[in-house]
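Okay, so here's the structure we're looking at.
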Amino acid sequence: MTPPAFHGVRWTSALLLAALGAGTVRARLRVRAIPVLPVTPPGSTGLPRAAGWRLLTARGVEADAGTFLAACAHAEREGLRVLDLLPRDLAAERLLGLVRLVDPAGYREDRLAEGRGAGYAVLVAEEVLARAGLEPDGAEPGEVDSGGAEPGGPRPGGARHDPAELIALVRRLKEYAADATGLVVAPGLSAGLPAEPTGPARVAEMRAQGLPPGALAAAQLGGLALLAGVAARQGRWGAAAAGLYWLQPYLALGGPGSALRPADLAGATAARPVRSLRAAAVTAAASTRTAARAEGDDAARAAAYRAELAAGTDRFLEPRRQDCPWCGSLRLTVRVRVPDLLQGKPGRFTLEQCGDCRHVFQNPRLTPEGLDFYYRDFYDGRGGEGAGAVFGRLGAAYRARAEMLGPHTRVSGPDSWLDVGTGHGHFCNAARTVWPRTRFDGLDMGDGVRGAERRGWVESGFQGQFPEFADKLAGRYEVVSMYHYLEHTRDPLAELDAAAAVLAPGGLLAIELPDPESRMARLLGPAWLPWFQPQHQHLIPAANLREALADRGFTVLAEEHGPAHQGNDFVGAVALTTTRLAPDPDRPWAPQATPRQRAAARAVRAAALPVFAGAAVLDAVRTVAARRTDGGNAYRMLARRTSAGAGR
């Protein structure tokens with residue numbers, strides 16, 4: 001009897017082989033996609049410095065004037081304002097790590113992509129440094145002044161920098177040159193034979209890239225253990241998987257056709273398992289030490305929260321109202337009652353639903369003081385970097401929102417657009433790829449809108465409550481957008497009145513909201529992420545929004561449910577449940593965690609990892625179904641202002 005075609009295949013090893021093979025091919029293609037500066041001509045030293053540029057370098061890295069001028073010429077020719085220079089002999093693992101994070105082919109066009117660099121040399125236009133708050137002085141290339149940095153940002157410290165400082169600087173400067181940042185190989189630049197970085201240096205560089213060093217070290221150790229296990233127990237298939245990992249640096253970076261020639265390629269390949277094990281171990285140890293130091297840095301924040309919470313949280317809630325804020329009905333029932341599952345701050349919150357119009361609202365509602373307390377350290381402060389990273393990954397959703405207007409506006413796009421609730425301006429930044437001639441302005445309560453203006457993501461940033469700007473901005477805009485904004489407001493009907501006021505006749509209003517009528521809201525109950533307590537105060541059924549728009553003189557042009565779906569139902573439910581069972585032990589608004597509590601939190605989070613993987617698969621299936629049935633967990637509505645309307 002003939003054995004089956006795949007008889008004897010060890011599937012764990014086969015999957016590892018496929019993943020490693022794909023990663024190797026991807027790395028090889030990406031390395032070869034990085035452009036190369038022309039070789040510096042002999043005798044180029046002493047050439048005059050190009051005006052308007054600064055070259056910042058790491059300690060021990062020397063860039064001659066010819067390399068500097070070639071980099072300036074390349075940047076000018078390509079329209080770049082920030083250019084990271086890769087030494088020709090960049091260390092193998094550092095190079096592999098860089099191309100895992102960035103695809104050179106699409107890096108520049110992705111306005112939301114995080115800035116990435118090798119940490120050796122970066123060319124920056126002086127005007128970008130100035131807008132970023134890093135005013136250059138009149139020094140030679142490699143020098144900027146040490147003042148003027150924004151709080152919490154990298155601070156250039158003289159003529160030379162640590163690699164982590166340069167990596168953080170590029171990550172920040174990409175925000176100020178969203179579509180004008182690139183990578184290039186500089187043949188005249190040498191890193192020399194690299195010494196292995198210490199544990200603290202590894203941790204600093206990972207954090208500069210926006211990566212979690214502890215989690216990555218744990219994942220690397222787990223991956224090495226898995227490879228060792230399959231090599232020992234799965235015969236030739238396991239040995240092949242382990243061998244491919246071992247040879248990956250040479251297979252990805254060796255051979256002809258690449259301007260990058262890592263000085264340590266032979267050693268990095270020969271000793272890869274040992275080096276990887278040592279790197280993961282020292283990174284894990286250093287991450288633990290730096291995390292312990294970070295606890296001390298949070299002491300002042302914790303003291304401030306303790307003082308604020310001494311008076312309790314009841315004062316953060318208004319008296320419960322007896323009627324529906326949308327239609328006035330007295331038929332109210334409790335839909336959800338949950339604690340703060342987002343940050344684990346103290347308090348419990350209730351969403352009630354109207355039996356007549358189906359409107360869902362927070363009751364009792366947070367006071368303005370309560371909103372300040374529960375928003376703090378979520379979009380800024382302690383949680384600001386994480387929130388920014390999440391928003392930065394929504395480029396496809398942002399472009400889909402902008403493209404919805406295509407059939408209903410001029411081919412060249414609208415002239416003026418106000419994005420209300422713009423946050424840090426991510427939507428406006430991404431929407432420029434769809435409507436490059438449109439002037440985008442932003443409005444928000446937080447300081448992020450000012451940063452968006454400095455970065456050039458919005459032309460004008462207005463900080464405050466939207467209704468307060470209605471008279472000042474009356475009739476000024478062709479488009480007003482409110483994407484996942486109305487659910488955060490205290491009075492969404494007043495926000496719609498303001499939108500009607502600032503739109504010109506015939507203007508367009510674009511809105512996106514969570515859909516409280518979604519099947520997943522009923523299935524997942526309190527663990528449905530879009531309840532988002534305590535931040536979401538109103539969840540509006542689509543029928544109610546259509547009626548409110550009609551009352552204000554709007555005609556609905558398009559409504560989308562499936563395309564607006566956000567594929568996070570199951571992953572969000574797992575995340576909220578995990579947070580409920582194992583809150584962040586370092587959250588400064590809670591008593592200091594005991595060693596036992598920390599160990600329990602780590603155990604719960606480790607156990608949740610395979611559940612997250614399963615949830616991600618379910619979300620992928622759910623997203624396909626939502627797209628095909630137009631039954632997502634959110635909806636978009638586009639309406640045109642056709643008359644003055646009666647308002648409320």
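When exposed loop sites are taken as GluC sites (Glu not before Pro) in a DSSP loop with at most 15 other Cβ atoms within 10 Å, the longest stretch of the chain clear of them is 110-458. Residues in region 549-560 carry Karplus couplings, in order, of 5, 4, 4, 9, x, 9, 10, 6, 9, 7, 9, 10 Hz; the curve used is 6.51 cos²θ - 1.76 cosθ + 1.60 with θ = phi - 60°, and Gly or Pro positions show x. Helix 272-297 versus the longest principal axis of the chain: what is the Cα-based angle in degrees, 0 to 90, to the nearest 10? With rounding to tens, the tilt is 50 degrees. In the full protein context, the chain carries 44 Å² of accessible surface per residue, based on a 1.4 Å probe and ignoring ligands, DNA and RNA.
Here the simple spin-label model places points 7 Å from the Cα toward Cβ, and for R321 and R59 these points are separated by 6.0 nm. The angle separating the long axis of helix 199-208 from the principal Cα axis of greatest extent in the chain is about 50 degrees. Between A303 and S416, the contour length at 0.36 nm per residue exceeds the Cα-Cα span by 36.1 nm.
The relative contact order of the chain, computed from alpha carbon pairs under 8 Å that lie at least 6 residues apart in sequence, is 11 percent.
A simple rule links phi to the HN-Hα coupling: the Karplus curve 6.51 cos²θ - 1.76 cosθ + 1.60 with θ = phi - 60°, which for region 177-189 gives 9, 4, 10, 9, 10, x, 10, 8, 8, 10, x, x, 10 Hz, with x for Gly and Pro.
Over the chain, the Kirkwood radius and the radius of gyration, each from Cα atoms, give a ratio Rg/Rh of 0.99. Return the carbon/sulfur percentage of the accessible area of the chain, one whole number, probe 1.4 Å, all protein chains in place. Whole-percent figure for carbon plus sulfur exposure: 58. Net length available on complete extension from D103 to D471 is 127.9 nm, with 0.36 nm assigned per residue and the Cα-Cα distance removed. L523 versus D584, label points 7 Å from Cα toward the beta carbon: distance in nm? It works out to 2.9 nm between the two label points.
Backbone geometry of region 383-393 corresponds, through the Karplus equation with coefficients 6.51, -1.76 and 1.60 at θ = phi - 60°, to 3J(HN,Hα) couplings of x, x, 5, x, 5, x, 5, 4, 4, x, 9 Hz, x marking Gly and Pro.
Counting only helical runs of four or more DSSP H residues, what would the 222 nm mean residue ellipticity of the chain come to if each run contributes -39,500 (n - 2.57) and the total is spread over all its residues? Don't skip to the answer; put the middle values down first.
On the way: 22 runs with 279 residues, N = 648.
Value at 222 nm, helices only, nearest 500: -13500 deg cm²/dmol.
Find how much the distance from R627 to R439 grows on full extension, using 0.36 nm per residue of separation minus their present alpha carbon separation; answer in nm with one decimal.
64.6 nm
What angle do you read, to the nearest 10 degrees and between 0 and 90, between the alpha-carbon axis of helix 299-309 and the longest principal axis of the chain? So the helix axis and the longest Cα principal axis differ by about 10 degrees.
The values are calculated or read from the model by the stated rules, or taken from the named source; none is laboratory data. Here the structure is a predicted model, which is why all the values come from computation and not from measurement. Positions of Cβ are backbone-derived with ideal geometry, glycine not excepted, and every protein chain shown enters the neighbour counts. Ligands, DNA and RNA are excluded from the accessible area calculation, which covers all protein heavy atoms including side chains. Shrake-Rupley method; radii C 1.70, N 1.55, O 1.52, S 1.80 Å.
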